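Notes follow once the structure below has been shown.
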Amino acid sequence: MTATRLEIDLNALAHNVAYLKSQIAPEIKMMGVVKAFGYGSDAVAVALKLQDLDLAYLAVAYVPEGVALRKAGVRLPILVLHPQPENFQLLLEHCLEPSLYSPRLLKSFIAFAKAEQQKNYPVHIKINTGLNRLGFWENDVDFIADQCQQTTAVKVASIFSHLAASEDPKERPFTLHQISSFKNSAQTLCNTLGYQPFLHQSNTSAILNYPEAHFDMVRTGIGMYGYGNEARYDAILKPVASLYTTISQIHQIEPGESVGYNRAFKASTYMKTATLPLGHADGISRSLGNGKGHVVIAGKKAPIIGNVCMDMIMVDITGIPCKEGDQVVVFGADHKASALAEEAATISYELLTAISQRVKRVFIGHPQNS
């Protein structure tokens, strides 16, 4: 077995999708977000599994991510959330569908589609309802409709928006305002267009907390990968990615000796440390160490000590029965990435997506292992 590996459990993915589907009406479609290498796992393996699970759509951030899925045999419709004009030709060649979020991008893509003699090419209109990241404003609705009605090169497949704080009960009034704003803008646009694109606004937390925002389709990212942004949902969902490594070497440390760069940790008593073969080049943040974060060895917590190195971390194994070569759980089902992320003062999304591509991926429930 590879010393450091990221195990990707596609059976857990299926479990999570089934649970999330149970929270929506049968007629509502589901989009799986597989950007950022499938939230740090493996976008191709996840996308192919989601295709088997009959999801309606996939979503990626950038065109090259969608191209990689097409080359791997993914046939589902793929929404590109943040396309750039220089990639329009690549997008067209691989039948990807762009999110159009600004007057500049809308006009640019229509001109491109006309030049390529396209007819009714599917596009998705993003409305900004308060996240203030990407999206048209409410008062852009007439402009959008006018641009789309003047051409047969494109056709609006969906209208969508993104909630800013659907996981935060304190922000419920703001979230309800976003939902209402989206309903009004989307209905006005549909009326002006003269046809009904499908609507979607819900992310994972809205799937769980705001049924009134389910509309025609919901999008799930972090929930598919096993995290629901709340302890009650984390207890139901199963982590898809588990990071394991092994003990490379064990040291006996005397009082006053230091461990790691800059002598950031100094022993106050006799102790044992283990060196593990992964570091910040593998996605283990330098914000960990020196009292922040731990791994699990033989079922016990082993605190990360000293500064995280590029390729190694050191942990305190005093009192833990273990030996060189033993397995170490960095995060997984019993030591979730959300808990380790909290110790690093970040979120599970960042920890998961930071895992380097040099870490070997090992699949569970995937044809590659059969």
Exercise. Quick check: anything in region 282-291 at pLDDT 95 or above and in contact with a Pro (Cβ under 7 Å, 6 or more places away or on another chain)?
Worked result: no
For this session: State the number of residues belonging to region 135-153 that are surrounded by fewer than 15 Cβ atoms within 10 Å (Cβ to Cβ) and closer than 25 Å to Pro77 by Cα.
Result: 2
Exercise. Being among the basic types (Lys, Arg) and closer than 18 Å to Thr4 by Cβ, is that true of even one residue in region 295-317?
Worked result: no
Exercise. When the residues of region 288-304 are filtered to those that are in contact (Cβ under 8 Å) with a residue 24 or more places away in the chain and under 27 Å from the mean Cα position of the chain (by Cα), which remaining residue is most open to solvent (accessible area, probe 1.4 Å)?
Worked result: Lys292
Problem set entry | Among (1) assigned to a loop (DSSP other than H, G, I, E, B); (2) surrounded by fewer than 24 Cβ atoms within 10 Å (Cβ to Cβ); (3) touching a strand residue (DSSP E or B) at 6+ places or on another chain (Cβ under 7 Å), the one test that Pro83 misses | (2)
Problem set entry | Subset of region 154-170 [touching an Asp or Glu at 6+ places or on another chain (Cβ under 7 Å) and either surrounded by fewer than 18 Cβ atoms within 10 Å (Cβ to Cβ) or assigned to a strand (DSSP E or B) (or both)] | Ala157, Ala165
Exercise. Which residue pairs have Cβ atoms closer than 8 Å, lie 6 or more positions apart in sequence or on different chains, and pair a first residue in region 4-16 that is under 12 Å from Ser242 (Cβ atoms) and open to solvent by 30 Å² or more (accessible area, probe 1.4 Å) with a second residue that is among the β-branched types (Val, Ile, Thr) and outside any helix (DSSP H, G or I)?
Worked result: Glu7/Val362; Glu7/Ile364; Asp9/Val240; Asp9/Ile364
Exercise. So Thr353 fits all but one of (1) at pLDDT 95 or above; (2) open to solvent by 30 Å² or more (accessible area, probe 1.4 Å); (3) β-branched (Val, Ile, Thr); (4) farther than 19 Å from Asp9 by Cα; what number is the exception?
Worked result: (4)
Problem set entry | Hits in region 307-325 - residues which are over 15 Å from Ile250 (Cα atoms) and either open to solvent by less than 20 Å² (accessible area, probe 1.4 Å) or in contact with a Lys or Arg (Cβ under 7 Å, 6 or more places away or on another chain) (or both) | Asn307, Val308, Cys309
Exercise. With Gln196, Gln187 as the choices, which residue is touching a Cys at 6+ places or on another chain (Cβ under 6 Å) and either under 23 Å from Glu27 (Cα atoms) or touching a residue at least 24 places away in the same chain (Cβ under 8 Å) (or both)?
Worked result: Gln196
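The values are calculated or read from the model by the stated rules, or taken from the named source; none is laboratory data. Model, not experiment: these values are computed from the prediction. Note that each Cβ is placed from the backbone with ideal geometry, even for glycine, and that neighbours are counted across all protein chains shown. For the accessible areas, the whole protein counts, side chains as well, though only heavy atoms, and no ligand, DNA or RNA atoms are used. Shrake-Rupley method; radii C 1.70, N 1.55, O 1.52, S 1.80 Å.
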